[in-house]
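**Student:** Pasting a structure here, questions to come.
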Amino acid sequence: MPKQRVTMRLDADVVAFYRATGAGWQSRINGLLRNAAKLKV
C-alpha cells in the first residue's frame, strides 16, 4: 500500500520510546494506528 507523508505532533517521550525500539519504528506506529482504527491491510 503506498505511503503518504504527513506531519503529526506527538509528545517527545512517545517519539523517544518508539525511536529507541530501532529501525522500523514509524512502521510500528502505523501498525498500531491501523489496529486502533480496525483497518485491514
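**Student:** Which pairs turn up if I take residues in segment 13-25 that are surrounded by fewer than 11 Cβ atoms within 10 Å (Cβ to Cβ) and look for partners that are in a helix (DSSP H, G or I) with beta carbon separation below 7 Å, at least 6 apart in sequence or on another chain?
**Tutor:** Note: pairs meeting the criteria are 21/28.
**Student:** When residues of the chain are filtered for being assigned to a loop (DSSP other than H, G, I, E, B) and β-branched (Val, Ile, Thr), how many remain? Let's see the steps before the verdict.
**Tutor:** Here is the first cut: in the chain, the ones assigned to a loop (DSSP other than H, G, I, E, B) are 1-11, 20-24, 37-41.
The next check asks that each one be β-branched (Val, Ile, Thr); those that pass are 6-7, 21, 41.
The number of residues fulfilling the criteria is 4.
Bear in mind these aren't lab numbers, they're just calculated from the coordinates by the rules spelled out. Note that the structure is predicted; figures quoted are calculated from it, not measured. A quick note on method: Cβ atoms are made from the backbone with ideal geometry, for glycine too, and the neighbour counts reach across all protein chains shown.
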